[in-house]
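One structure is given below, encoded as structure tokens.
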Amino acid sequence: MNSCPAVTIMLSDAWLIARKDLKLEIRSRVALNQVIPFALLVLVLFAFALDPDRGLLEKATPGLYWIAVLFSGLLAMQRSFAVEAADGVTDALRLSGLTPSGIYLGKTLSVAVQLLVLEVLLGVGVAVLYGTSITGWLLLLATIVVATAAISTAGTLFGVVAAGLRVRETLLPLLLLPVLAPVLIGSTRAFEAALSGTPSEGWPWVGLMSVFAAVYVVAGIFGFGPLMEES
Amino acid sequence: MEPDDPTFRSVTAPVVHLRGAVALLGRFPALAGVDLDVDRRRIVLLRGANGAGKTTLLRALAGLVPITSGEAIVLGVDLRVDRRAVRHRVGLLAHGTGLYDELTVADNVRFWTRAARADSADADAAMARLGLDGRLSDVAVGRLSTGQRRRTSLACLLARRPELWLLDEPHAGLDKEGRDIVDDLVRDAAAAGATIILSSHELDRSIELADEIVTLGGGVALDEFVSGGDDHAQ
């Protein structure tokens, strides 16, 4: 059973990276001072734009919520790789002995935790600003967990692709947003089903996003190392 | 141990063996056919003008720059076959600090120590050795002076206990006390069995430290001088 120590090492590396990244975010307060205000600002602007038609705002709430999550999540993902690009840290990571798959999973976990916090705050924002009554809790929670996994697994993989390029700040959204279109559609449909009281229509979308996340986890575990070499 | 014993061969084989090693940066041959042999426990000074290839050679030995032709074996690993395999066994002190500005000195040293799967006690010992224990250990790296950052990078390297130390301008940015600490670290590491290759423009200090001096120019080793000093074996 040679694979067991390898898996243990990978998970141990992932935990080390995730803790380090989250500690960096807590210390730098970039998420608190920039990402969360930006996300709430997006919600407020949507409310201003659609406020004259309260019915349209209510109908569009699931889509607006997930667009706000995606835009704000992009900032968190860019930040996740910006900290590694500074002052020779990329080389130090390559020399560290950490497994690339562990680095990938750790960064994914860190981004996912940040996204979850963001989604909870945005959920409160939606309830307060848009007057949305929350129903279908189980489907909503499952959608949030699976969509977060899908966004963070794909985002981390595309983050390392863009990390080595000088135009990474502008390139990452261009690369990632089209890829995440199925997640945006799936999470929006699942939220619509939960909020309209027809959860059975939402679960297939949760299944689709689970497959999406699983595919990107596998791609990340095997592809992150070679991509990190090129970054 | 007999000469044909694999253990004997691994102990006596050179830590670094380069023959006609070529490394390209884009299309430019930063190393244009370097020949170099370095035995265990030796301290080798690389000297040469800016652009001579010192930094590229150190990065190539660390497995960060690919060798495109020639022979390149470091710590028994053929860099042309798998240059990643040698990385966790070398310590590179580069121009960049390799530190996270928002984390404290202790956070940084402990993170890189754990990443290397070394004992966390080694991190504390390394910080103490570099004079970074006490109040300084809780200061964010972004608030440190250049010299203190350099010391923190050295503490990270020391705690990892690498077999091959690759030091690019290790004295840069350090005061006299810091430079003395670097020299002591290098001597102690060699005495403990490590091999050290350093580049430095601090020639007075470095020549005194080195067992061998290799002059680089135009991406090749122009000449090699071997001092008559001891081999640090205790």
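Tabulated data for the structure shown
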| read-out | value |
| --- | --- |
| Residues residue A:32 and residue A:169, FRET efficiency given R0 of 30 Å [Cβ-Cβ distance, rounded to 0.05] | 0.90 |
| Cβ-derived FRET efficiency at R0 41 Å, residue A:59 paired with residue A:12, nearest 0.05 | 0.30 |
| Length released on extending from residue A:71 to residue A:198, taking residue separation times 0.36 nm less the Cα-Cα span | 42.9 nm |
| Projected label distance in nm at residue A:82 and residue B:184, using a 7 Å step from Cα toward the beta-carbon | 4.1 nm |
| The stretch A:3-230: Cα Rg divided by the 2.2 N^0.38 Å rule of thumb | 1.04 |
| Value of D in µm² per second that Stokes-Einstein yields for the protein assembly as shown, Kirkwood Rh from Cα pairs, at 25 °C (0.890 mPa s) | 100 µm²/s |
| R0 of 22 Å, Cβ-Cβ distance residue A:135-residue A:47: FRET efficiency to nearest 0.05 | 0.60 |
| Structure-based [θ]222 nm, chain B - -39500 (n - 2.57) summed over DSSP H runs of at least 4, per residue, nearest 500 | -9500 deg cm²/dmol |
| Proportion of all alpha-carbon pairs of chain B beyond 22 Å (%) | 52 percent |
| Cα long-axis angle, helix A:137-163 against chain A (0 to 90 degrees, to the nearest 10) | 40 degrees |
| Highest-first arrangement of B:107-118, A:4-15, A:146-157, where packing means the average Cβ count within 10 Å | A:146-157, B:107-118, A:4-15 |
| Which of B:88, B:104, A:138, positive extreme of dipole for the protein assembly as shown (C-beta unit charges) | A:138 |
| Phi to ³J(HN,Hα) by Karplus 6.51 cos²θ - 1.76 cosθ + 1.60 over the stretch B:33-39, Hz, x for Gly, Pro | x, 7, 10, 7, 10, 10, 8 |
| Inter-part distance where the stretch B:91-114 and the stretch A:93-130 are each reduced to a Cα centre, Å | 23 Å |
| Residue A:219 paired with residue B:69, simple spin-label distance in nm, labels 7 Å along Cα-to-beta-carbon | 3.8 nm |
| Residue B:55 - accessible surface, heavy atoms, 1.4 Å probe, Å² rounded to 10 | 50 Å² |
| Angle between chain A longest axis and helix A:203-230 axis [Cα atoms, degrees, rounded to 10] | 30 degrees |
| Convex hull per residue volume in Å³, alpha carbons only, for the stretch B:127-167 | 70 Å³ |
| Low-density loop cleavage sites - trypsin sites (Lys or Arg not before Pro) in the stretch A:135-196, where at most 12 other Cβ are within 10 Å (DSSP) | A:166 |
| Interchain or long-range residues, amide H under 5 Å from residue B:217's placed H | B:222 |
| The stretch B:161-208, Rg to Rh (Cα coordinates; Rh as Kirkwood inverse mean 1/r) | 0.94 |
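The values are calculated or read from the model by the stated rules, or taken from the named source; none is laboratory data. Since the model is a prediction, treat every value here as computed from it, not as a measurement. In this analysis, Cβ positions are derived from the backbone assuming ideal geometry, glycine residues included, and neighbour counts consider all displayed protein chains. Ligands, DNA and RNA are excluded from the accessible area calculation, which covers all protein heavy atoms including side chains. Shrake-Rupley method; radii C 1.70, N 1.55, O 1.52, S 1.80 Å.
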